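See below for the structure under consideration.
The values are calculated or read from the model by the stated rules, or taken from the named source; none is laboratory data. A quick note: this is a predicted structure, and the numbers were derived from the prediction, not measured. Methodologically, a virtual Cβ is constructed for each residue, glycine included, from the backbone with ideal geometry; neighbour enumeration extends over all protein chains shown.
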Amino acid sequence: MTIKHICCLGAGYVGGPTMAMIAAKCPDIQVTVADFNEKRVDAWNSDELPVYEPGLDEVVVSARGRNLHFTTDIRAAIAAADLIFVSVGTPTKSYGIGAGRAADLRYIESAARLIAEVSDRDKIIVEKSTIPVKTASAIKTILAANSPNGAKFQVLSNPEFLAEGTAISDLNNPDRILIGGETTPEGNAAVEALVSVYANWVPRERIITTNLWSSELSKLVANAFLAQRISSINSISALCEATGADVDEVAKAIGMDSRIGPKFLKASVGFGGSCFQKDILNLVYLCESFGLPEVAAYWNQVIQINDWQKSRFVEKIVRTLFNTVSGKRIAILGFAFKKDTNDTRESAAIHVCRDLLHERAHLAIYDPQVDAAAIHRDLVEAGIDPSLVLSNVEICSDPYEAADGSHALATLTEWDEFKDIDLDKLHNLMLKPAFIFDGRAVFSSAALKAHGLDAFIIGKGI
């Protein structure tokens with residue numbers, strides 16, 4: 001099958017950028033991104049995109065109106081498509097069997113039912129959402145049972161491996177493209193059809209084809225391994241603080257071992273984002289479901305270390321500020337879960353701010369890309385009373401406004417602009433003693449101390 005029309009269900013952090021890149025690289029293919037959320041679709045069609053990602057604006061503008069379209073007319077988009085990416089949300093279940101661990105597949109099921117209902121000819125369906133292994137079986141069953149027009153479907157798995165903040169670079173020059181399908185003539189043909197799309201710009205040797213289940217599982221395992229490295233170095237950061245070692249020096253030493261490598265060995269206040277925690281919890285649930293409690297316990301410990309890292313960071317702040325932060329102004333630099341994104345999902349900043357608000361601190365928060373509405377929403381959803389958010393949270397326009405009159409300052413996102421902060425000015429604005437709690441190792445300990453700031457840096461201590 002030659003792919004002429006692609007539809008993507010879901011205009012979020014994955015669907016929007018991925019389809020923009022496909023449209024930019026494949027001018028002969030019409031690409032339509034469909035979403036029920038009219039506000040989100042309007043944003044994709046405007047100059048203020050709903051997703052902040054370096055380089056994304058240029059890619060969208062290059063193709064939008066030519067062969068890249070954003071719409072709320074989902075039925076028309078499905079009907080016209082030869083190939084449909086399903087990139088809808090798969091949040092962790094908050095109720096019932098598997099609550100807190102299993103993936104909630106209601107949106108996947110709804111998408112499959114709608115595709116079956118609308119389609120009047122054969123189509124290729126591609127799982128782009130992060131889903132549990134064997135989800136393709138459920139999708140195929142739903143499609144086969146709900147197709148009034150006799151259309152036939154091939155279901156593929158094509159997980160995304162994007163890192164927020166570098167998504168456009170990752171899409172333009174990916175380490176690999178993974179495509180899983182059924183090992184039948186029809187399945188192989190569907191796989192090759194999708195391969196031909198990516199082959200417009202990705203070298204064929206980087207396009208890996210597997211069976212469905214290997215592809216589905218690979219996404220969860222990749223994120224679990226990356227998160228494991230972060231939790232591992234964060235556990236060592238505590239030991240470094242206790243012994244006088246420097247976690248950056250340790251990380252550099254072990255990272256030069258070719259068997260280990262240097263990536264994901266940066267100690268921090270903890271990992272966040274939409275994938276790591278959700279995918280590990282899903283992996284834990286899968287292991288338990290298949291009767292592997294020891295494996296489940298192993299991976300669950302990665303999450304426990306991450307939660308502990310955030311908790312001990314807050315405890316360090318409270319203990320250093322003479323065992324109370326009640327009524328004290330604490331400047332918070334960064335609220336996104338990492339630099340170069342406006343995504344706050346599972347951000348370490350949410351958990352740190354929540355715990356400080358429980359201690360009745362007054363927070364002055366600055367982030368260059370996250371707006372006040374998102375910060376307030378996240379804190380309320382984290383369990384903070386809305387009245388406490390209104391009274392004890394101040395959103396600032398720059399780091400110096402946040403630091404003015406503060407008892408302490410905590411860096412929770414590694415934005416590049418923080419490296420250029422005038423430390424003399426910072427010291428002059430803050431109450432004395434002026435405490436810095438650097439949860440992302442943005443500053444050097446020597447520079448902070450040289451400017452009269454009492455510094456705690458993850459993995460180094462005061």
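Residues in the range 226-240 that are surrounded by fewer than 21 Cβ atoms within 10 Å (Cβ to Cβ) and among the hydroxyl-bearing types (Ser, Thr, Tyr): 2 in all. Suppose we filter the range 313-363 for residues that are among the polar types (S, T, N, Q) and not in a loop (DSSP other than H, G, I, E, B); how many remain? Of the residues in that region, 1 qualify. Leu426 satisfies every condition listed in (1) among the aliphatic types (A, V, I, L, M); (2) over 17 Å from Val314 (Cα atoms); (3) in contact with a strand residue (DSSP E or B) (Cβ under 6 Å, 6 or more places away or on another chain) except (3). Set side by side, the residues Lys219, Lys310 differ, and just one is of a type outside the set (Val, Ile, Thr), closer than 22 Å to Pro174 by Cβ and in contact (Cβ under 8 Å) with a residue 12 or more places away in the chain, which is Lys219.
Filtered by the rule that a residue be crowded, with 20+ Cβ neighbours inside 10 Å and either closer than 14 Å to Gly15 by Cα or charged (D, E, K, R) (or both), the range 54-74 gives Val59, Val60, Leu68, His69, Phe70. Take the range 1-17 and flag every residue that is surrounded by 24 or more Cβ atoms within 10 Å (Cβ to Cβ) and of a type in the set (S, T, N, Q). The answer is none; no residue qualifies.
Conditions (1) touching a Phe, Trp or Tyr at 6+ places or on another chain (Cβ under 6 Å); (2) closer than 23 Å to Phe271 by Cβ, marked per residue:
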residue	(1), (2)
His407	no, no
Ala410	yes, yes
Glu414	no, yes
Asp420	no, no
Met430	no, no
Phe435	no, no
Arg440	no, yes
Asp454	yes, no
Ile458	no, yes
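Which of the residues spanning the range 409-462 are of a type in the set (Val, Ile, Thr), surrounded by fewer than 21 Cβ atoms within 10 Å (Cβ to Cβ) and either farther than 18 Å from Lys310 by Cα or free of Cβ contacts under 8 Å to residues at least 24 places away in the same chain (or both)? If the condition is that a residue be of a type in the set (Val, Ile, Thr), surrounded by fewer than 21 Cβ atoms within 10 Å (Cβ to Cβ) and either farther than 18 Å from Lys310 by Cα or free of Cβ contacts under 8 Å to residues at least 24 places away in the same chain (or both), then Ile421 is the only one that fits.
Tell me, yes or no, whether the range 348-368 has at least one residue that is closer than 24 Å to Leu56 by Cβ, surrounded by fewer than 20 Cβ atoms within 10 Å (Cβ to Cβ) and either among the hydrophobic types (A, V, I, L, M, F, W, C) or in contact (Cβ under 8 Å) with a residue 12 or more places away in the chain (or both). Checking the range 348-368: not a single residue is closer than 24 Å to Leu56 by Cβ, surrounded by fewer than 20 Cβ atoms within 10 Å (Cβ to Cβ) and either among the hydrophobic types (A, V, I, L, M, F, W, C) or in contact (Cβ under 8 Å) with a residue 12 or more places away in the chain (or both).
Taken across the range 206-220, residues that are assigned to a helix (DSSP H, G or I), farther than 19 Å from Gly180 by Cα and among the hydrophobic types (A, V, I, L, M, F, W, C) do not occur at all.
One residue is enough: does the range 183-193 have a residue meeting the conditions assigned to a loop (DSSP other than H, G, I, E, B) and of a type outside the set (Val, Ile, Thr)? Checked against the condition, which is being assigned to a loop (DSSP other than H, G, I, E, B) and of a type outside the set (Val, Ile, Thr), the range 183-193 yields no hits at all.
On the basis of being crowded, with 22+ Cβ neighbours inside 10 Å and either modelled with pLDDT of 95 or more or part of a loop (DSSP other than H, G, I, E, B) (or both), does Thr130 make the cut? Taking the combined requirement at face value, the residue satisfies it. Determine which single condition Leu143 fails, assuming it passes every other condition in (1) at pLDDT 95 or above; (2) crowded, with 17+ Cβ neighbours inside 10 Å. Unmet for Leu143, out of (1) at pLDDT 95 or above; (2) crowded, with 17+ Cβ neighbours inside 10 Å: (1). Does Asp279 fit the bill of being at pLDDT below 95 and at negative phi? Taking the combined requirement at face value, the residue satisfies it. How about the range 1-120: which helices (runs of 4 or more DSSP H) wholly inside it have at least 2 residues that are closer than 29 Å to Phe337 by Cα? By residue number, 15-25, 38-44, 56-63, 106-118. Could you please let me know if Val202 is of a type outside the set (D, E, K, R), touching a residue at least 24 places away in the same chain (Cβ under 8 Å) and in a helix (DSSP H, G or I)? Answer is no for this residue.
From the list Pro159, Pro132, the lone residue that is within 18 Å of the chain's Cα centre (by Cα) and either small (Gly, Ala, Ser) or over 24 Å from Lys25 (Cβ atoms) (or both) is Pro132. Restricting Gly272, Gly261 to those that are on the phi > 0 side of the Ramachandran plot and either at pLDDT 95 or above or buried (at least 19 other Cβ atoms within 10 Å of the Cβ) (or both) reduces the list to Gly261. Just one of the numbered conditions (1) of a type in the set (A, V, I, L, M); (2) closer than 17 Å to Val325 by Cβ; (3) not in a loop (DSSP other than H, G, I, E, B) is not true of Leu390: (2).
Somewhere in the range 126-146, is a residue farther than 29 Å from Ser289 by Cβ and either touching a Ser or Thr at 6+ places or on another chain (Cβ under 7 Å) or of a type in the set (Val, Ile, Thr) (or both)? No: zero hits.
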